[in-house]
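Every read-out reported here was derived from the displayed coordinates using simple, explicitly stated rules and does not represent laboratory data. Keep in mind the model is a prediction, meaning the values are calculated, not measured. All Cβ positions, even for glycine, are placed from backbone atoms using ideal geometry, and neighbour counts span all protein chains on display.
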Amino acid sequence: MISLNQVEKVYRTRTVETLALNNINLSVEQGEFLSIMGPSGCGKSTLLNIIGLLDEPTRGKVEIAGALVRNYSGRELAQLRNEKIGFVFQSFHLINDLPVVDNVELPLLYRKVSARERRRLAEEALQSVGLSNRIRHFPTQLSGGQKQRVAIARAIVGRPSILLADEPTGNLDSVMGNEVMDILLRLNKEYRTTVVMVTHDESMARRTNRLVRLFDGSQVG
């Protein structure tokens, strides 16, 4: 489902060159739940951004669902992201002026989906994360755990085959964090959604199928 071969990422300014990722070789099978751990600044989010087609490697090859993405135009990459990949971020990225159901509908606005179908899919996604009774609420009326569940519903509303989660429990207490983790595990098991999660929490990482560790941009385990 996901394949990275000799991936390197270098950030350059006029005076400084920073090696963010060095010779990353990684394969993630369909239906696998992979966690990525490492100290701050080791390249975890950079790696997730490259997998999610939000950034390009300086060198190396990236394949998503069998497609060699360097052969894709910008428009084709955007379409691949929209159809195949869902994103969950630590800081939720919800729009406070929109009701919960409208936040969840947002990814479907870029597809040829009728308003009625968008609403049906959004309500179904919210039901799957246990928020059917909150669809008319605004994000400011929700707890942190509820906001993260809305973010997950938004990520899965288009039924992506890949779900990328960047510290999805990082802003939550242990109870809410475990509830969010339970949802991710259920999505992985019931729908065979491939999940790649960046986390600092060893206990959360141990609940996934496999753990990859990074240090100074390199795989160390």
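What the table shows:
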quantity	calculated
One residue from S27, S35, S73 being of a type in the set (S, T, N, Q), under 23 Å from V195 (Cβ atoms) and more than 15 Å from the chain's Cα centre (by Cα)	S27
Search result, residues across the range 28-53 that are closer than 21 Å to G170 by Cα and assigned to a loop (DSSP other than H, G, I, E, B)	G38, P39, S40, G41, C42, G43, G52
Where a residue in the range 179-207 is over 22 Å from L26 (Cβ atoms) and in contact (Cβ under 8 Å) with a residue 12 or more places away in the chain and its partner, wherever it lies, is of a type in the set (G, A, S) and surrounded by 13 or more Cβ atoms within 10 Å (Cβ to Cβ), with Cβ under 7 Å and at least six apart	E179/G145; V180/G145
Residues being touching a helix residue (DSSP H, G or I) at 6+ places or on another chain (Cβ under 9 Å), aliphatic (A, V, I, L, M) and not in a strand (DSSP E or B) - total across the range 179-221	6
Some residue of the range 100-108 being in a loop (DSSP other than H, G, I, E, B), touching a Lys or Arg at 6+ places or on another chain (Cβ under 9 Å), in contact (Cβ under 8 Å) with a residue 40 or more places away in the chain and not aromatic (F, W, Y)	no
Number of the condition not met by N82 [criteria: (1) outside any loop (DSSP other than H, G, I, E, B); (2) in contact with a Phe, Trp or Tyr (Cβ under 7 Å, 6 or more places away or on another chain); (3) more than 30 Å from V104 (Cα to Cα)]	(3)
Top-ranked residue in the range 164-218 [being farther than 29 Å from Q6 by Cα and β-branched (V, I, T); ranked as surrounded by the fewest Cβ atoms within 10 Å (Cβ to Cβ)]	V175
Any hit, the range 97-105, residues being closer than 27 Å to I2 by Cα and under 13 Å from the mean Cα position of the chain (by Cα)	no
